[in-house]
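Accompanying notes for the structure given below.
The values are calculated or read from the model by the stated rules, or taken from the named source; none is laboratory data. On a predicted model such as this, the values are computed, not experimentally measured, just so you know. Counting neighbours? That spans all protein chains shown, and the Cβs are built from the backbone with ideal geometry, glycine included.
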Amino acid sequence: MITAFALLGPTASGKSALAMKLAAELPIEIVSIDSAQVYRGMDVGTAKPSTAERRAVPHHLIDIAEPTERYSAGRFRTDAIRVVLEILARKRIPLLVGGTMLYYRALASGLDMLPEADPAQRARLDAEARERGWPALHTELAEVDPIAAARIKPGDAQRIQRALEVWRSTGKTLSSQQTASGSALPFALHAFALVPEDRADLHRRIAARFDAMLREGLIEELQGLRERHALSTDLPSMRAVGYRQAWEFLEGRITQAELREKGISATRQLAKRQLTWLRSLPGLAPAAKLAAALSSATGRPP
């Protein structure tokens, strides 16, 4: 069966560098698994590959949505399947690279059979949250869907909103509807995990990368985006780590020193969640074996 490959790992673990190194030796095209790199204009804060890197190696599913859009796991699955099949048709190797584990799971395992988003219901929930706070809405969720509430933290606005939206729109709980569709992929998918052995080193790399983003203009990038688009903090693009903290800075709620501290802390928490996801995903091979697997796919010696 035709085969695609995936390289997963936490932020700042070196996934992109490894993918580029392999692409220098093999006929690889990279497919991004990143929920923030899909947005145009969000370059600095997403560590998006440079123009030179994208000239050297074809990259896909980058810069395909405006930051005002709500790109979803379902849309990613559709787009990724199409792109992978196009790459395979060119007799090249698709290598999916990134750390948005929800997107990877949606691709590999199918999607939950859930209703589409209800913008009016979301607007009502946002208004309630401004008045009562998300912890109060989490308490309400615990009364109607204790299973979902047990998995969702009281401050996780996005997931609380989605769970209550499903309940209010359908009269059915989120947990009762989360049954994977199981739709099969039209290709085999072999996944590899890049898991840093030294957590302290990963934290140093996260801090260094966030400092580099600040030097390269993260604040100015967000300021320009806000001038060009009607953005708000409830948009998925603006919930991305780095942009969320830079928004607070531009609103005058935190200092630049606090922006750095909160941004690094949030990135560490993201990496921790990504590592938890990796431990839960079945069938992942270590990244050290990826080069041999890719070489085997082309019939070349590793």
Exercise for the section: Please work out if Ile254 is closer than 17 Å to Arg199 by Cβ and among the β-branched types (Val, Ile, Thr). Expected result: no
Practice task
Look at Gly263 and say whether it is outside any helix (DSSP H, G or I) and small (Gly, Ala, Ser).
Solution key: no
Exercise for the section: Hey, could you check the range 285-302 for residues that are of a type in the set (A, V, I, L, M, F, W, C) and at pLDDT 95 or above and say which is surrounded by the most Cβ atoms within 10 Å (Cβ to Cβ)? Expected result: Leu294
Problem - Odd one out for Glu165, checked against (1) within 20 Å of Asp118 (Cβ to Cβ); (2) surrounded by fewer than 20 Cβ atoms within 10 Å (Cβ to Cβ) - result: (2)
Problem - Of residues in the range 227-268 being buried (at least 17 other Cβ atoms within 10 Å of the Cβ), within 24 Å of Ala127 (Cα to Cα) and of a type in the set (Ser, Thr, Tyr), the one nearest to the chain's Cα centre (by Cα) - result: Ser237
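Any residue in the range 22-34 that is of a type outside the set (Phe, Trp, Tyr) and in contact with a Pro (Cβ under 6 Å, 6 or more places away or on another chain)?
If we filter the range 22-34 for residues that are of a type outside the set (Phe, Trp, Tyr), which is where we start, we get 22-34.
From the residues that got through so far, the ones that are in contact with a Pro (Cβ under 6 Å, 6 or more places away or on another chain) too are 29, 31.
Yes, that holds for at least one residue.
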Problem - One residue from Ala293, Ala271 being farther than 15 Å from Ile219 by Cα, in contact (Cβ under 8 Å) with a residue 12 or more places away in the chain and either among the β-branched types (Val, Ile, Thr) or touching a His at 6+ places or on another chain (Cβ under 7 Å) (or both) - result: Ala293
Problem - Some residue of the range 34-55 being in contact (Cβ under 8 Å) with a residue 40 or more places away in the chain, over 16 Å from the mean Cα position of the chain (by Cα), farther than 30 Å from Gly217 by Cα and in the same structural domain as Gln245 (by TED's automatic domain parsing) - result: no
